[in-house]
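Below is one structure, written out as structure tokens, with a few remarks after it.
The values are calculated or read from the model by the stated rules, or taken from the named source; none is laboratory data. Treat the numbers as computed from the prediction; the structure is a model and nothing was measured. In this analysis, Cβ positions are derived from the backbone assuming ideal geometry, glycine residues included, and neighbour counts consider all displayed protein chains.
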């Protein structure tokens, strides 16, 4: 708990048995609920997560977005924090981000990794991220420095107002588009964080995922993606909280 707010951490994982111990090693005590989504891992991801006391959710639909949706459905905290299970995102920043959110009354915070990494990133990844950031500005008229970041902090009620259609890597940019474009309803902010080298093998397919995410932006802008089923039915979260109490 942090300043009277229950905190849930959601991590989608595919073969992250080496990264998860790094995450749990310095996870702040303010996190009340940890949800690890095992997205068809072939290693010991689920076993490692169980050993550290996490709630493990098995999601058979392969994909970053599919895994996130499965985890978010199980989150009961007032505030949800997300990150990858590879150890790259700074756990000690969680209280800082919560401070900014609560004290400044933000509803959605996304984290910017650009320029804050231990070692320079692959130039192709940087270029791809910049291209996607540019097209978000052109198509949706707001600026973001790191559209592909996987660390977000947001109030649980925000999920009720987002149309999250992607089951793949585009989920990362879509959740930002949905939250940051609703300026009258959701107060959003992008904040810098540092970013470490990952543990294990990267799952990103640079060219395939890059072009898919770019085409996704155009389809989103043209309204071709339809409406996704809601993550929660009315009263479902309260029932979850009672079951977990």
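For the reader, a short list of remarks on this structure follows.
- Criterion violated by residue 211 - all others in (1) modelled with pLDDT of 95 or more; (2) out of contact with any strand residue (DSSP E or B) (no Cβ under 7 Å at 6 or more places or on another chain) satisfied: (1)
- Matching option when the condition is within 30 Å of residue 212 (Cβ to Cβ), part of a helix (DSSP H, G or I) and either touching a strand residue (DSSP E or B) at 6+ places or on another chain (Cβ under 6 Å) or at pLDDT below 95 (or both), among 49, 66: 49
- Candidates 231, 225, 204, filtered to the one that is in a loop (DSSP other than H, G, I, E, B), surrounded by fewer than 17 Cβ atoms within 10 Å (Cβ to Cβ), touching a helix residue (DSSP H, G or I) at 6+ places or on another chain (Cβ under 8 Å) and modelled with pLDDT of 70 or more: 225
- Looking across segment 1-25, the residues that are farther than 24 Å from residue 103 by Cα, surrounded by fewer than 22 Cβ atoms within 10 Å (Cβ to Cβ) and either in contact with a helix residue (DSSP H, G or I) (Cβ under 7 Å, 6 or more places away or on another chain) or free of Cβ contacts under 8 Å to residues at least 12 places away in the same chain (or both) come down to 15, 17, 21, 25.
- The single residue among 35, 109, 96, 138 that is without any contact (Cβ under 8 Å) to a residue 12 or more places away in the chain and under 22 Å from residue 158 (Cβ atoms) turns out to be 96.
- Unique residue being surrounded by 13 or more Cβ atoms within 10 Å (Cβ to Cβ) and modelled with pLDDT under 95 when the list is 110, 88: 88
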